[in-house]
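This report concerns only the one structure given below.
What follows is calculated from the coordinates using simple rules that are stated; it is not laboratory data. What you see is a predicted model; the values in this text were computed from it and never measured. Glycine gets a Cβ as well: all are built from the backbone with ideal geometry, and neighbour counts include every protein chain shown.
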Amino acid sequence: MILVLKPQTPAEEIEKLSKRIESKGLSTNISRGAETTVVGIIGDKTVLDIDQLKANPVVEKVIPVTESYKLANRKFHPKDSGFSVGNSWIGPGSFTIMAGPCAIESHDQLFTIAESVKKAGATLLRGGAYKPRTSPYSFQGLEEEGLIIMKEAGAAFDIPTICEVTSRHALEAAVKYVDMLQIGARNMQNFELLKEVGKCGLPVMLKRGLAATIDEWLNAAEYICANGNEKVCLCERGIRTYETATRNTLDISAVLVLKEKTHLPVIVDPSHATGVRSFIKPLTKAAAAIDADGVMIEVHNNPEAALSDGPQSLTLPQFEECVQEVGPYLELVNRKI
Ligand code: PEP
Ligand code: MN
């Protein structure tokens, strides 16, 4: 960590500050310029309170040189990580395809979709039972009844399942029925929920918050890891920008930034990123081409009648075509579905 001091800070103030830092077992390296003095701090910085340093009247700026996330940080874990979910592997060598409806609507609906997406090549079945809808009057999900249908569909078609949890109550129910949990964009910084999810032991996909920076996102992942669960992957699902042509703006370069900063697998969700059905297949190919670890795609047997996110849902034949066409892109990056 580097402290830039205010111009003309008196020598005795610099001395006082460095003594204070050294009293915590750290060492300091002071470099005096004509106007400005810079203090380098060496050692375990977790013993320092950054806000206290910022509040010090002689300190102009605090510049961290290492990130606050450790377990999720590639610096401390250079190799890509991965984990199993049922019979599926998320991570190196694999391209995970999570597919299914936005919301579980009925037994027939989920069974029809599950059978078809599994046959087409999906490796995880997705479906929401607790829906974080923008309007309180929109369909809110079947809750535990939906989870029961999810478990039955997963067993019937031999495919692991992933469901979003939006609260501690939803989490307590979901752990009984599903193989993997999703934390949605709206809860990315619900730290109490992240801690609980960390303790529950099931693999987790953490979606990017609506306007979260990559650093905030990785710190949120750290909450899960620090609570005992390192089976975490990240999902880029678009961010809020000034652009209104698509539902959100897919930050495709976030995949590359994440690959530098973290060892955790990275999934792309072109469905929520764009909200446009015709963009899903090309963006799935883009995700494969830049070596993402997989995609999450919304699929519905009858999108016109879907209770949520119909306009962005692929039909069953469109999903099959999408999986077939992504094949050559996966060969280029040495991954397999
Ligand atoms: C979802 O995957 O169903 C969902 C609500 O996504 P997001 O949290 O990315 O909006
Ligand atoms: Mn959706």
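Can you put F191, F95 in order, fewest other beta carbons within 10 Å first?
The order, fewest Cβ neighbours first, is F191, F95.
Mind listing the phi-derived Karplus ³J(HN,Hα) values for segment 274-284, rounded to whole Hz, using 6.51, -1.76 and 1.60 with θ = phi - 60°, and x for any glycine or proline?
Whole-Hz 3J(HN,Hα) from phi for segment 274-284: 10, x, 10, 4, 5, 8, 5, 5, x, 6, 5.
Based on other C-beta atoms within 10 Å, arrange W217, W89 from fewest to most.
Working: W217 26, W89 17.
Fewest to most other Cβ atoms nearby, the residues stand as W89, W217.
Quick one: give the max-minus-min coordinate of the C-alpha atoms of segment 6-76 along each principal axis, largest first, in Å.
Between the extreme Cα coordinates on each principal axis of segment 6-76 lie 40, 23, 21 Å.
Can you compute the equivalent ellipsoid semi-axes for the chain, i.e. the square root of 5 times each eigenvalue of the Cα gyration tensor, sorted largest first and rounded to whole Å? Before the final figure, lay out each step's value.
Working: eigenvalues 384, 81, 67 Å².
They are 44, 20, 18 Å, listed from largest to smallest.
List the aspartates and glutamates whose alpha-carbon lies under 15 Å from that of K131, not counting same-chain residues fewer than 8 positions away?
Qualifying aspartates and glutamates at Cα under 15 Å: E105, E143, E144, E145, E164, E298, D309.
Where does the charge balance sit around D49 when Lys and Arg score +1, Asp and Glu -1, over other residues with C-beta under 15 Å from its C-beta?
On the way: positive: R20, K24, K45, K54; negative: D44, D51.
Spelling it out: positives minus negatives among the neighbours equals +2.
Please tell me which of these pairs span more than 28 angstrom C-alpha to C-alpha: K176/K336; K79/K118; K79/K207; K45/K75?
Details: K176/K336 30 Å; K79/K118 30 Å; K79/K207 22 Å; K45/K75 16 Å.
Violating the 28 Å Cα-Cα cut-off are K176/K336; K79/K118.
Loop-only check: which GluC sites (Glu not before Pro) in segment 7-47 are DSSP coil with at most 13 other Cβ within 10 angstrom? Spell out each step's value before the answer.
Working: sites: E12, E13, E15, E22, E35; in loops: E35.
Loop-located and lightly packed - E35.
Farthest toward the dipole's positive end in segment 83-332, which of T315, G127, I159, given Cβ charges of +1 (Lys, Arg) and -1 (Asp, Glu) about the Cα centre?
In segment 83-332, that residue is G127.
Using 1/(1 + (r/R0)^6) with R0 = 45 angstrom and r between the beta carbons of S278 and K195, what's the FRET efficiency to the nearest 0.05?
On the way: r = 40 Å, r/R0 = 0.88.
My answer for the efficiency is 0.70.
Amide H of N190: which non-local residues (sequence gap of 5 or more, or other chain) have their own amide H closer than 5 Å, using H built in the peptide plane?
Here the answer is none, since no amide H 5 or more places off falls under 5 Å of that of N190.
Over the alpha carbons of segment 165-239, what is the largest minus smallest coordinate on each principal axis, giving the biggest first in Å?
32, 20, 19
Cβ under 14 Å from G294's Cβ, G294 left aside: what net charge do those residues give with Lys, Arg +1 and Asp, Glu -1? Kindly include the intermediate steps, with their values, before the conclusion.
Working: positive: R126, K207, R237, K259, K285, R335, K336; negative: D80, E236, D269, D291, D293.
Net local charge, G294 excluded: +2.
Mind listing the phi-derived Karplus ³J(HN,Hα) values for segment 248-263, rounded to whole Hz, using 6.51, -1.76 and 1.60 with θ = phi - 60°, and x for any glycine or proline?
9, 10, 5, 8, 5, 5, 4, 4, 6, 4, 4, 4, 6, 8, 9, 8
Under 5 Å between amide hydrogens, which residues at least 5 positions from A103 or on another chain qualify, with H placed 1.01 Å from N in the peptide plane?
G128, S308
Only counting other Cβ atoms within 10 Å, I'd like K231, K45 sorted with the fewest neighbours first.
Sorted ascending by nearby Cβ count, the order is K45, K231.
Relative contact order for the chain: what is it in percent, counting Cα pairs under 8 Å that are at least 6 residues apart? Don't skip to the end; give the middle numbers.
On the way: 697 pairs, mean separation 54.9, N = 337.
Worked out over the chain, it gives 16 percent.
Tell me, what ³J(HN,Hα) does each residue in segment 127-140 have, in order and in whole Hz, if you take phi through Karplus 6.51 cos²θ - 1.76 cosθ + 1.60 with θ = phi - 60° and put x for Gly and Pro?
Along segment 127-140, the couplings run x, x, 10, 10, 9, x, 7, 4, 9, x, 8, 7, 3, 9 Hz.
In segment 83-332, if the dipole is taken from +1 on Lys/Arg beta carbons and -1 on Asp/Glu beta carbons about the Cα centre, which of Q109, G146, Q189 is farthest to the positive end?
It is Q189, whose Cα lies furthest towards the positive end.
Sort out for me the Cα centre separation of segment 207-235 from segment 294-337, rounded to whole Å.
25
Suppose each label sits 7 Å from its Cα in the direction of the beta carbon; what would the I2-V58 distance come out to in nanometres?
Distance between the two pseudo-spin positions: 2.0 nm.
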